[in-house]
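Undergrad: Sharing a structure below in structure tokens format, with a few things to ask.
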Amino acid sequence: MASATAVTAVGAVVGITGTGAGTSNAQTVDTASTTTKLLDVPGTAQVQQVSSGVLTQADAQTAAYDEAQRAAAEEAARIQAEQKAAADKAAADKAAADKAAADKAAADKAAADKAAADRASRSDTRTPVGSAATGDPKAIARSMMSASQFQCFSNIVERESGWNYKATNPSSGAYGLVQALPGSKMASAGSDWRTNPETQIKWGLSYMNSRYGSPCGAWSFWQSHNWY
């Protein structure tokens with residue numbers, strides 16, 4: 001004869017005969033003292049409570065993660081901004097230093113140029129005639145004009161007469177340091193034009209100034225024509 005054993009909701013064990021008769025051989029068992037529960041299944045409210053707690057914890061962890069990410073991003077942005085500000089300041093400082101150095105170099109150059117011009121101006125100052133060496137045509141000429149004009153004057157005289165105040169051109173008759181043609185033209189500067197270098201220089205300087213503006217103007221013309 002077959003039989004089955006079922007566990008009721010209240011923990012009673014009931015024996016059912018295979019005859020299907022309405023009679024049952026039921027035996028109530030005190031589960032608290034003689035049997036062990038097979039499964040402790042939580043109720044719906046408890047499950048919902050647990051689920052809600054898990055979701056709340058997950059939300060809290062997500063929020064904490066998001067906050068940490070936001071804080072990290074803000075810190076990175078702050079550091080980047082500080083680095084950029086430092087770089088910009090360094091670039092601005094360098095530009096200012098470079099400009100100051102350039103300005104100083106320009107000022108130094110201007111001062112040096114001015115000093116050189118002042119020296120040149122002082123060197124161009126004419127020396128009194130009385131300080132020239134007597135009889136030395138070059139010394140006399142230097143005393144009568146600036147250094148720059150003397151150089152031009154000397155370039156012409158060197159080529160015309162070699163600084164020989166008695167030089168005579170055999171073909172034209174030109175005479176003296178500046179090869180006046182005729183030589184007698186120099187009498188307007190002094191009757192001793194034949195023998196006095198200073199008289200010849202005075203006449204030659206006057207001629208160059210009146211015709212070319214200066215000895216350097218005469219020299220510029222001479223270089224193009226080989227005469228003046």
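Residue by residue, here is whether (1) modelled with pLDDT of 90 or more; (2) open to solvent by 60 Å² or more (accessible area, probe 1.4 Å) holds:
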residue	(1), (2)
V47	no, yes
G53	no, no
D66	no, yes
I79	yes, yes
K89	yes, yes
R119	no, yes
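Undergrad: Quick check on G190: is it of a type outside the set (D, E) and farther than 19 Å from C152 by Cβ?
TA: Yes.
Undergrad: Scan the range 205-228 for residues that are part of a loop (DSSP other than H, G, I, E, B) and surrounded by 13 or more Cβ atoms within 10 Å (Cβ to Cβ) and jot them down.
TA: S214, Y228
Residues are listed down the side, and each one gets a yes or a no for (1) touching a helix residue (DSSP H, G or I) at 6+ places or on another chain (Cβ under 6 Å); (2) assigned to a loop (DSSP other than H, G, I, E, B):
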{"residue": "G135", "(1), (2)": "no, yes"}
{"residue": "A141", "(1), (2)": "yes, no"}
{"residue": "S154", "(1), (2)": "no, no"}
{"residue": "E158", "(1), (2)": "no, no"}
{"residue": "R194", "(1), (2)": "no, yes"}
{"residue": "W203", "(1), (2)": "yes, no"}
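Undergrad: If you don't mind, there's one more thing I want to ask. Please verify whether A174 is open to solvent by less than 20 Å² (accessible area, probe 1.4 Å) and of a type in the set (G, A, S), treating the condition exactly as stated.
TA: Yes, satisfied.
Undergrad: Within the range 197-205, identify whether any single residue is farther than 11 Å from I156 by Cα and of a type in the set (G, A, S), and answer yes or no.
TA: no
Undergrad: Out of the range 138-152, which residues are under 13 Å from Q200 (Cα atoms) and open to solvent by 20 Å² or more (accessible area, probe 1.4 Å)?
TA: K138, M144
The values are calculated or read from the model by the stated rules, or taken from the named source; none is laboratory data. Just so we're clear, the structure is a prediction, and the values are computed from it rather than from any experiment. Using ideal geometry, Cβ is built from the backbone for each residue, glycine included, and neighbour counts are taken over all protein chains shown. Please note that ligands, DNA and RNA were not included when accessible areas were found on the heavy atoms of the full protein model with its side chains. Shrake-Rupley method; radii C 1.70, N 1.55, O 1.52, S 1.80 Å.
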